[in-house]
Structure formats: C-alpha cells, structure tokens
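The values are calculated or read from the model by the stated rules, or taken from the named source; none is laboratory data. Everything quoted here is computed from the prediction, not taken from an experiment. Every residue, glycine among them, receives a Cβ derived from its backbone with ideal geometry; neighbour counts consider all protein chains shown. Please note that ligands, DNA and RNA were not included when accessible areas were found on the heavy atoms of the full protein model with its side chains. Shrake-Rupley method; radii C 1.70, N 1.55, O 1.52, S 1.80 Å.
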Amino acid sequence: MNRPEMILFDYGQTLVDEAPFCGVNGTRAVMRHAVRNKYGRTPEEVQAEANRLIQELEAQYSLLERPNAAFQNYLYTSQGIALSTSPEENEQIFWDAAAPGKAAPEIAPLLEELHQRRIRTGVLSNLSFSGGALRSRIDRLLPGHHFEFILASSDYLFRKPSRRFFELALELADLEPSQVWFCGNDVRCDIQGAQQAGLTAVWYTGCMDRRPDPPDGAFFEIGGWSELPGLLDRACFKMEF
C-alpha cells in the first residue's frame with residue numbers, strides 16, 4: 001500500500017448521497033416549461049419513451065456515455081414538445097427534481113483533512129449530466145472542496161470501468177497509477193475499473209442500503225469516511241518503516 005499523491009472520488013453515493021432516482025419527477029419539472037405540446041403528451045408518456053430510448057442505447061453502447069443534453073434534445077423534439085428553457089437549464093431542472101442529493105456523512109471534514117495533508121483530490125463520475133452541472137452541484141453541496149478537476153463521462157465519451165476514463169484522469173493529474181487511490185461504491189465501475197487501470201481501489205459502503213457481494217482482487221473497504229485517514233496512516237507508517 002503506497003501513500004497516495006492523489007485520491008480520486010466517484011460522485012453518486014460516494015461524495016453525495018442521492019435520493020432514489022425518479023425520472024418522471026424530472027420530466028414533470030421540465031415540462032412545466034413547455035410552450036408547445038403537439039401531441040398532448042403527459043410527463044408519464046414522455047418518461048416512458050425516455051426509458052425505451054435508454055434501454056436501446058445501453059444495449060449498444062455499454063462503455064460509452066449518453067450526454068443528457070443531446071438525449072433531451074432528441075426526446076422532446078421527437079415528441080413534438082418545445083421548451084422555453086435552454087438545454088443547460090433543462091438538465092439542471094431535471095436532475096434537481098429527479099434525484100436531489102446531500103453530502104455524504106463525514107465527507108466534508110475528510111476532504112479538508114486531505115487538503116491539510118497535501119493530498120490532491122479530484123472527481124471521476126459516470127454521469128449523463130454535463131461536467132458543468134456536476135461541478136455546480138458539488139460546489140453547492142461541498143462548498144469547501146479543493147478538487148483539482150471534476151470529470152463527468154458525458155464530456156469525454158468513455159465511462160467507467162473503461163481504462164480510458166481512468167487514464168484520462170491520470171493524464172490530467174500527471175501521475176502514475178501507483179500514486180493514485182480511487183474511492184467509489186460500485187463494484188464493477190469503481191472497484192474493478194480502478195483495479196484494471198492499476199489504481200489502489202477503496203470500496204466505500206457507507207451510503208448503501210444493502211452491502212452487495214464484495215469484488216475480487218485487492219482493495220480496501222471502508223464503511224465511513226472517518227476510516228480513510230487510518231488507511232493513510234498505515235500507508236505512511238509502511239513507507240517510513
């Protein structure tokens with residue numbers, strides 16, 4: 001276990017505990033801004049079409065991201081709906097209504113401690129919403145953060161567990177895989193993805209309703225963010241010893 005120069009974090013259910021996703025709530029909020037509804041579609045009908053489109057796209061492009069702005073442009077135009085709001089506004093309206101969130105317990109003091117220890121931090125998230133929307137939400141929920149970069153897969157095509165997304169973060173950080181830890185909650189995307197890219201994987205289970213089967217391979221598990229400094233202390237002790 002090497003002391004990290006940088007720790008990267010997943011976003012959803014890692015940094016931020018999001019409420020269960022409800023697409024129809026988001027669609028209903030967006031459709032309040034409709035200035036034309038050619039076919040008289042209800043939010044439930046539009047969301048049902050959205051669900052069909054998502055299934056079609058995921059079947060074909062499992063490791064590529066679906067940018068929400070482009071998706072919503074197609075969805076509403078194809079349903080004969082015109083909106084008074086911009087694509088950027090629509091994704092923020094949808095996200096805030098479909099999946100409101102709050103900072104994960106203990107994450108704010110942990111981020112400040114990492115900053116005091118001079119350990120760099122960043123965010124690497126599988127997300128259809130834009131990087132701008134993600135940064136806006138993180139800035140609001142974690143106002144004291146010191147993230148060097150906040151990457152959303154929607155801006156870079158590839159998504160975890162693709163090595164390309166992890167390698168992109170390493171390029172921006174100018175670090176080798178052995179110098180970076182990655183913390184996330186998802187076994188396949190976060191833990192196995194980090195392992196395959198050569199990063200030290202830290203499995204965070206604090207926001208889970210139910211603990212799934214653990215991943216294979218080498219990783220560390222923590223149930224709360226207050227446990228992470230202990231891992232760092234062990235890494236520093238090993239280096240000094």
Per the filter on the range 58-111, residues touching a residue at least 12 places away in the same chain (Cβ under 8 Å), farther than 26 Å from I138 by Cα, among the hydrophobic types (A, V, I, L, M, F, W, C) and in a helix (DSSP H, G or I) are L75
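Yes/no matrix, rows are residues, columns are (1) over 21 Å from the mean Cα position of the chain (by Cα); (2) modelled with pLDDT of 95 or more; (3) part of a helix (DSSP H, G or I):
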{"position": "C207", "(1), (2), (3)": "no, no, no"}
{"position": "P214", "(1), (2), (3)": "no, no, no"}
{"position": "G230", "(1), (2), (3)": "yes, yes, yes"}
{"position": "F237", "(1), (2), (3)": "yes, no, yes"}
Taking the range 213-226 and the residues there that are among the acidic types (D, E) and closer than 26 Å to P20 by Cβ, the one that is surrounded by the fewest Cβ atoms within 10 Å (Cβ to Cβ) would be D213
Of the residues in the range 133-160 that are among the basic types (K, R) and closer than 18 Å to F182 by Cα, the one that is surrounded by the fewest Cβ atoms within 10 Å (Cβ to Cβ) is R159
Taking the range 112-145 and keeping only residues that are in a helix (DSSP H, G or I) and within 25 Å of A201 (Cβ to Cβ), one is left with E112, E113, L114, H115, Q116, G131, L134, R135, R137, I138, L141
Residue hits (the range 36-57; within 17 Å of F94 (Cα to Cα) and either open to solvent by 80 Å² or more (accessible area, probe 1.4 Å) or in a helix (DSSP H, G or I) (or both)) are P43, E44, E45, V46, Q47, A48, E49, A50, N51, L53, I54
Subset of the range 69-123, residues more than 18 Å from the chain's Cα centre (by Cα) and β-branched (V, I, T), comes to T77, I81, T85, I119
Query raised in the report: Is it true that A169 is surrounded by 21 or more Cβ atoms within 10 Å (Cβ to Cβ) and of a type outside the set (F, W, Y)?
Result: yes
When restricted to E167, E171, E176, the only residue acidic (D, E), farther than 22 Å from A103 by Cβ and either in contact (Cβ under 8 Å) with a residue 24 or more places away in the chain or in contact with an Asp or Glu (Cβ under 7 Å, 6 or more places away or on another chain) (or both) is E167
Residues in the range 179-206 that are touching a strand residue (DSSP E or B) at 6+ places or on another chain (Cβ under 6 Å) and either open to solvent by 20 Å² or more (accessible area, probe 1.4 Å) or among the aromatic types (F, W, Y) (or both) total 7
Given the criteria in contact (Cβ under 8 Å) with a residue 60 or more places away in the chain and open to solvent by less than 40 Å² (accessible area, probe 1.4 Å), does L127 qualify? yes
Being under 30 Å from G223 (Cβ atoms) and either of a type outside the set (A, V, I, L, M, F, W, C) or open to solvent by less than 70 Å² (accessible area, probe 1.4 Å) (or both) narrows G101, G80 down to just G101
R210 fails exactly one of (1) open to solvent by 60 Å² or more (accessible area, probe 1.4 Å); (2) touching a Phe, Trp or Tyr at 6+ places or on another chain (Cβ under 9 Å); (3) more than 18 Å from L114 (Cβ to Cβ), namely (2)
